[in-house]
Amino acid sequence: IKGLGDIPETALGFYKDDKKLNFSAKVLKILPGNLVVLDQTYFYPRSGGEEPDHGTMGGSRVVDIDKVKNIVVHHVDRVTFAKGVRVDCIVDADRRRQLTIHHTATHIVNAAARKVLGEHIWQAGAHKDVDLARLDVTHFERIEPKDLRRMEDLANEIIQMEIPIHKLFMARGDAEAKYGFRLYQGGAPPGDQI
């Protein structure tokens, strides 16, 4: 996306509080094509195979979100505000919830696949959207229906256990030492904190 060179990094609020769905932000730049950059955002951008949040921004619909390095670019259906003003933003809670569920489901299915098929299983790709989620894994042969059923049963058992999910940020080296390189299922994220 052209025209981002003089814009400071976006404060990524969704990493600090993923429950915050209403916020106010300053419009830093409006680019051609109804692209808007804010000083901060709680809208989660497209990342790691997960589709972005949607919602509203100052009376406009947010229909797509990209992250270019550490600048978040919001695609709106129309621009109803000017650079420099503060806009009220609302994240679509239902969409966020469904994307989050599908994100977690891919981790559960990956763990079930590793348990059933073996430790060589590695995430090779994923896509998480509102209506579906897909996980691509490495394996040396076609997955047999009986193994697929075992994976499904194990995934359902894990879900029924209602294991609490705790998210935290760690220095990359500390996280690697504690959890190993399985942290990088789907690719290594940039930055010193993961």
Item to check | Residue match in the stretch 172-185 (condition: in contact (Cβ under 8 Å) with a residue 40 or more places away in the chain and either closer than 30 Å to His54 by Cα or not aromatic (Phe, Trp, Tyr) (or both)) | outcome: yes
Next on the checklist: Could you go through the stretch 88-99 and let me know if any residue there is surrounded by 19 or more Cβ atoms within 10 Å (Cβ to Cβ) and either farther than 22 Å from Ala126 by Cα or touching a Cys at 6+ places or on another chain (Cβ under 7 Å) (or both).
Outcome noted: yes
Next on the checklist: Take the conditions open to solvent by less than 50 Å² (accessible area, probe 1.4 Å) and either assigned to a strand (DSSP E or B) or at positive phi (or both) and apply them to Val36. Does it pass?
Outcome noted: yes
Checklist entry - Thr80: over 14 Å from the mean Cα position of the chain (by Cα) and either surrounded by 15 or more Cβ atoms within 10 Å (Cβ to Cβ) or part of a loop (DSSP other than H, G, I, E, B) (or both), yes or no? => result yes
Next on the checklist: I'd like to verify a number: residues in the stretch 11-29 that are open to solvent by 10 Å² or more (accessible area, probe 1.4 Å) and closer than 13 Å to Ile71 by Cα, how many?
Outcome noted: 4
Next on the checklist: Looking at Val130, Val116 in this structure, which one is under 23 Å from Gln185 (Cα atoms) and touching a residue at least 60 places away in the same chain (Cβ under 8 Å)?
Outcome noted: Val130
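Every residue, every condition in (1) modelled with pLDDT of 95 or more; (2) under 25 Å from Pro52 (Cβ atoms), yes or no:
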{"position": "Thr104", "(1), (2)": "no, yes"}
{"position": "Leu117", "(1), (2)": "yes, no"}
{"position": "Gln123", "(1), (2)": "no, yes"}
{"position": "Asp147", "(1), (2)": "yes, no"}
{"position": "Arg150", "(1), (2)": "yes, no"}
{"position": "Asp153", "(1), (2)": "yes, no"}
{"position": "Asn156", "(1), (2)": "yes, no"}
{"position": "Glu162", "(1), (2)": "no, no"}
{"position": "His166", "(1), (2)": "no, yes"}
Checklist entry - open to solvent by less than 50 Å² (accessible area, probe 1.4 Å), without any contact (Cβ under 8 Å) to a residue 60 or more places away in the chain, of a type outside the set (Val, Ile, Thr) and under 23 Å from Lys167 (Cα atoms), is that true of His102? => result yes
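The values are calculated or read from the model by the stated rules, or taken from the named source; none is laboratory data. Only a predicted model underlies this, so the values are computations on that prediction, with no experimental measurement involved. Cβ: placed from backbone, ideal geometry, glycine included. Neighbour counts: every protein chain shown. Heads up: the accessible areas ignore ligands, DNA and RNA and are worked out on the full protein's heavy atoms, side chains in. Shrake-Rupley method; radii C 1.70, N 1.55, O 1.52, S 1.80 Å.
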